[in-house]
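Undergrad: Let me begin by handing over the structure; questions about it come next.
The values are calculated or read from the model by the stated rules, or taken from the named source; none is laboratory data. Small disclaimer: the values here were computed from a predicted structure and weren't measured. Glycine also receives a Cβ, built like all others from the backbone with ideal geometry; neighbour counts cover every protein chain displayed. The area values use the complete protein model at the heavy-atom level, side chains included, leaving out ligands, DNA and RNA. Shrake-Rupley method; radii C 1.70, N 1.55, O 1.52, S 1.80 Å.
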Amino acid sequence: MREVALLVLGAGPAGLAAATEARSQGLDVLLLDENAAPGGQVHRGVGEFYRPSADAPGAAQAREGLALIEAARASGAEMRGGATFWAIEDDLTVSWSEGGTAHQARAGRVILCPGAVERALPIPGWTLPGVMGVGAAQILLKTAGLVPEGRTWMAGQGPLLWLYAAQLLAKGGTLAGIIDMSPAGAWRQAIRHLPMALMKPGPLLQGLSWMRRVRADVPVIRARDVEALGDGKLRGLRFDGREEAADLLLLHDGVVPNTQVTRALQGCAHVWDAAQASFRPVLDEWGNASLPGVMVAGDGGGIGGARAAALSGRIAAIEAARALGRLTAEQRDAAAGRPMLRRRSEMAPRAFLDALFPPLGMDRVADGTVVCRCEEVTAGRVRAAVSLGAQGPNQLKAFLRAGMGPCQGRVCGPVVHALVASSRGIAAGDLMPLRTRFPVKPITVAELATLK
Amino acid sequence: MFRRTAPTDCAISWNGVEIAAREGESLAAALLAAGILHFRDTAVSGSPRGPLCLMGACFDCLVEVEGEPNRQACLVPVTPGLSARIQAGARAPR
Ligand SMILES: Cc1cc2nc3c(=O)[nH]c(=O)nc-3n(C[C@H](O)[C@H](O)[C@H](O)COP(=O)(O)OP(=O)(O)OC[C@H]3O[C@@H](n4cnc5c(N)ncnc54)[C@H](O)[C@@H]3O)c2cc1C
């Protein structure tokens, strides 16, 4: 079998920076990403299709992304796009598929940088074609230059909602309205984190300027509940008793770490992060997980944003170089000193943002609303199963098949988890998360048969 | 529903009908740009679905590509002449 010193999963800022740093420490590096082009979520299409004008919202970030991509390309790391990772074994044998063919390699070290996914925001009618994530619309803008037309609404909360709204307006798009579902009193909780956030005021000021720009052009309406209406496709919305026509509805409720791979690893410890209301793998300051040889960097280890992701990728690669005998512990500490300080400063606004946009509570979700889209399981059926004795998401999967469909709980996992906790009246952190299993992405038998 | 801000450069086929696309963009983007929202029918109730996340997580954009079912349209890059079809839902009876 092929051997490689370092395998990096994910070519977002974390993975790109990890690969570049590891190469400069003399390690051979294999970098896999299922997307054809590198960049991850934030730098999608950068250097290819996404070339924002210098004053467009997000343009400075795109320049940082281009630098990361170019550095990784120049580093000599082997970058493989269209490569879907599906398993990792105890001896660090990694399996992935490319164009219908399966591959394996044994790695000396693995740095997992799988990023984040949007937290689902279940509302009645959200399975109708025409209802999508805000992140999805942003991907269409960055990778294909698509701008919504017709009556476009956004609903939910979080920084990405305001960023995308500003990006869309800058591209000449229009919005019929934004339904702001953020809890009214959240700023009272957030305010105590403000002094810390002001140590790094840039992102907050930028966020405020996006909000101002958007509010000048778009009606922003506060509402607690939204319903998508239509038959076969989205035709309208209902919120607070009012009805409006709609062609496209974009939902957002923040992002959560993508722990699909780490949760499938037997014995890889995770903790509940109350501030971010999600599970994350237990990591030391270098990114070492609780299993030997397995490291995590970037949003997959806890949401920190693009810059913190790149810094943690770099830090993890420096530690990998030590573990593989390229650096002594002293050399490692010296090399990681500055990136560690910078990461601390990049993380300064996080507690404020987390407190400002706490995820929307599950008590709002009506019994008739679908929560597991693959298996079409409603909140009411989850609540009924809990009252029959289902203790947590893993039992619910057996009761109702929730989490057993093709998405393997990527979308419904956090929702069902929160729903079970709220129906049982216990803290979400006291429930075991949904166990995931390899292969973490579906593969065909024909693909498996190509393994030598 | 969506408007292109950049030109198309090739054609692909959806259910046998030709639509304009740009090489390298995702199949899902090409379909949405052509006004197609309905990608598949669900296996459980047969109800229509289109993409939710476009980042490989939700599996709601599953279509048939060159005769192969269950392909995530958001992860399939457009190549000239690509042929794709709506994915019918029904799962084998249980
Ligand atoms: C939809 C979305 C949009 C976002 N937009 C912004 C934005 O505009 N600005 C901003 O500051 N932040 C944005 N974020 C937040 C974002 O998570 C971080 O800023 C940053 O992208 C995190 O970097 P990362 O390297 O940790 O992960 P990512 O950039 O998410 O990269 C992870 C990579 O891993 C790959 N991957 C995951 N699983 C597999 C697998 N099984 N096989 C192969 N490859 C895999 C993915 O394809 C992806 O390219 C967005 C997040 C989401 C979910």
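Undergrad: Answer yes if at least one residue in region A:203-213 is of a type outside the set (D, E, K, R) and at positive phi, and no otherwise. Please lay out each step first, then the result.
TA: If we filter region A:203-213 for residues that are of a type outside the set (D, E, K, R), which is where we start, we get A:203-211.
If we keep only those that are at positive phi too, we end up with none.
There is no residue in region A:203-213 that is of a type outside the set (D, E, K, R) and at positive phi.
Undergrad: Then there's this: Have a look at A:VAL131, A:VAL110 and point out the one that is within 26 Å of A:ASP231 (Cα to Cα) and open to solvent by less than 10 Å² (accessible area, probe 1.4 Å). It would help to see each step written out before you state the result.
TA: Details: A:VAL110 fails: within 26 Å of A:ASP231 (Cα to Cα).
Sole residue among the options that is within 26 Å of A:ASP231 (Cα to Cα) and open to solvent by less than 10 Å² (accessible area, probe 1.4 Å): A:VAL131.
Undergrad: Another question, if that's okay. Being surrounded by fewer than 20 Cβ atoms within 10 Å (Cβ to Cβ) and within 7 Å of chain A (Cβ to nearest Cβ) is the filter here; which residues of region B:57-69 pass it?
TA: Our first condition is that a residue be surrounded by fewer than 20 Cβ atoms within 10 Å (Cβ to Cβ); within region B:57-69, this holds for B:64-69.
Within region B:57-69, no residue meets the criteria.
Undergrad: Here is a check on your reading of the model: is A:THR143 within 26 Å of A:VAL415 (Cβ to Cβ), of a type in the set (S, T, N, Q) and surrounded by 20 or more Cβ atoms within 10 Å (Cβ to Cβ)? So that I can check it myself, show each step before the final result.
TA: Values: within 26 Å of A:VAL415 (Cβ to Cβ): no; of a type in the set (S, T, N, Q): yes; surrounded by 20 or more Cβ atoms within 10 Å (Cβ to Cβ): yes.
So A:THR143 does not fit the description; no.
Undergrad: Can you confirm whether A:GLY361 is within 23 Å of A:LEU251 (Cβ to Cβ), modelled with pLDDT of 95 or more and not aliphatic (A, V, I, L, M)? Walk me through it before giving the result.
TA: Details: within 23 Å of A:LEU251 (Cβ to Cβ): yes; modelled with pLDDT of 95 or more: no; not aliphatic (A, V, I, L, M): yes.
No; evaluated as a whole, the condition is false for this residue.
Undergrad: Moving on to the next point. For region A:96-137, give me every one of the strands (runs of 3 or more DSSP E) that falls completely inside it and has 2 or more residues that are more than 10 Å from the ligand (Cβ to nearest atom). I'd like the intermediate steps shown before the answer.
TA: Numbers: elements: A:101-112, A:116-118, A:131-133.
Those strands (runs of 3 or more DSSP E) span A:101-112, A:131-133.
Undergrad: Quick check: is even one residue across region A:114-122 open to solvent by less than 10 Å² (accessible area, probe 1.4 Å) and not β-branched (Val, Ile, Thr)? Full working, then the answer.
TA: Restricting attention to region A:114-122, the residues satisfying the condition of being open to solvent by less than 10 Å² (accessible area, probe 1.4 Å) are A:121-122.
Going one step further and asking which of them are not β-branched (Val, Ile, Thr), we end up with A:121-122.
For region A:114-122, residues open to solvent by less than 10 Å² (accessible area, probe 1.4 Å) and not β-branched (Val, Ile, Thr): present.
Undergrad: Still on this structure: Could you list, in sequence order, all residues of region A:292-305 that are in a loop (DSSP other than H, G, I, E, B) and free of Cβ contacts under 8 Å to residues at least 60 places away in the same chain? So that I can check it myself, show each step before the final result.
TA: First, pick out the residues of region A:292-305 that are in a loop (DSSP other than H, G, I, E, B): A:292-293, A:297, A:302-305.
Answer for region A:292-305, where residues must be in a loop (DSSP other than H, G, I, E, B) and free of Cβ contacts under 8 Å to residues at least 60 places away in the same chain: A:PRO292, A:GLY302, A:GLY304.
Undergrad: How about region A:26-91: which strands (runs of 3 or more DSSP E) wholly inside it have at least 1 residues that are more than 11 Å from the ligand (Cβ to nearest atom), in contact (Cβ under 8 Å) with a residue 24 or more places away in the chain and assigned by TED's automatic domain parsing to the domain that holds A:SER312? Steps first, please.
TA: On the way: elements: A:29-32, A:78-80, A:83-88.
Result: A:29-32, A:78-80.
Undergrad: Related question: Filter region B:13-56 down to residues that are of a type in the set (Val, Ile, Thr) and within 7 Å of chain A (Cβ to nearest Cβ) and give me whichever is farthest from the chain's Cα centre (by Cα). Steps first, answer last, please.
TA: Kept after step one, since they are of a type in the set (Val, Ile, Thr), are these residues of region B:13-56: B:17, B:19, B:36, B:42, B:44.
Among the residues that remain, those that are also within 7 Å of chain A (Cβ to nearest Cβ) are: B:42, B:44.
Numbers: B:THR42: 14, B:VAL44: 20 Å.
That would be B:VAL44.
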